[in-house]
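Read the figures in this text as sums done on the coordinates, not as results from a lab. Keep in mind that this is a model prediction, so the values were computed, not measured. Cβ: placed from backbone, ideal geometry, glycine included. Neighbour counts: every protein chain shown.
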Amino acid sequence: MDENRRDKILSAYEELAESYNRLIDHKPHNAYYDRPNTLSLMSEVEGKSILDAACGPGKYAEVLLAQGAQVTGFDFSPKMVEMAKERNKGAGTFFVHDLAQPLEMLEDNCFDIVLCALALHYLEDWTLTIQEFHRVLKPDGHLVISIEHPFFEFNFFQSTQYYEVEPVQCTWKGFGKPVEVNSFRRPLGSCISSLTDNGFYIDTLLEPKPLAEFEKLDPRHFKELNEFPSFMCLRAVPKKEKLS
Ligand SMILES: C[S@@+](CC[C@H](N)C(=O)[O-])C[C@H]1O[C@@H](n2cnc3c(N)ncnc32)[C@H](O)[C@@H]1O
């Protein structure tokens, strides 16, 4: 990916980190839409080792640690990692790392679950990242991801090039001062083949609906999300044969 774009994404998250951390517990799209649906794709987590890739301020980790999992998390934003450490008060392990780089610090076959929530759309190419998730997962483990729904993004960004992976940007206004956030939109086929070409079968594809709690906080989006999904959650399992 072009370094300039990566740096823009990183500085946006450094700027967002504090308010993101403050709002994440109850922000409707996270608390009552993404998190419960994504977590529903995990089997029993007690005693399991979980990698939380692009962990943000560690809210997923907090939920998983409370259920008895061992959590290792990373994010490329140093502020997010600091907040994940503070939020989890010494529980879990958190470090700064870029999803686009090899996970050299992690051994093969060491996690029961790899989680990557709402972050893959910041990468232009998922190949190396998915191969690394496959490498660090135990053969009987699973990968759980949530992404922006490709059909939602196609409409939202008013794309005319469905089949392309396109750089896109929008202004987030829900976290205090408006912040410009860059990402990449891609077709559904590219999301699926990035998994199936790199060692995984898709086990479950969930087009989530918001929980009832969402409605009180944001009735307009509650209605919209019951008519058309913004996010998509996937559970994938490693194919039996190892990657060459
Ligand atoms: C929408 S937030 C989601 C955070 C967390 N997964 C959650 O759902 O609460 C996206 C996160 O991805 C991180 N991120 C974006 N690009 C990344 C990259 N290339 N490597 C690591 N983290 C990245 C951001 O810093 C941010 O914390």
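Observations, loosely collected:
- Shape parameters for the chain, alpha-carbon atoms, Rg then Dmax in Å: 17.0, 51
- Hydrodynamic radius (Kirkwood) for segment 1-61, which is based on Cα pairs only, to one decimal in Å: 13.5
- Compactness of segment 47-92 - radius of gyration and Dmax, Cα, Å: 9.3, 28
- Given charges at beta-carbon only (K, R positive; D, E negative), |dipole| of the chain in Debye: 480
- Here the translational diffusion coefficient of segment 1-134 follows from Stokes-Einstein with Rh set to the Kirkwood radius across Cα pairs; for 4 °C and 1.567 mPa s it amounts to 86 µm²/s.
- The peptide list 49-55, 8-14, 188-194, put in order of mean Cβ contacts within 10 Å with the highest first, becomes 49-55, 8-14, 188-194.
- Ranked packing of 159-167, 105-113, most packed first, by mean Cβ within 10 Å: 105-113, 159-167
- Protection proxy ranking, highest mean first, for peptides 219-229, 73-83: 73-83, 219-229, where packing is the per-residue count of other beta-carbon atoms within 10 Å, averaged.
- Across q = 0.18 Å⁻¹, segment 114-159 modelled as identical point scatterers on its alpha-carbon atoms has Debye log10 I(q)/I(0) values of -0.63, in the order of the q list.
- Ranked for footprinting exposure by Cβ neighbours inside 10 Å, fewest first, Lys173, Lys48, Lys239 give Lys173, Lys239, Lys48.
- Convex hull volume per residue in cubic angstrom - Cα atoms of segment 126-202: 116
- Around Leu41: net Lys/Arg minus Asp/Glu count, Cβ-Cβ under 9 Å: 0
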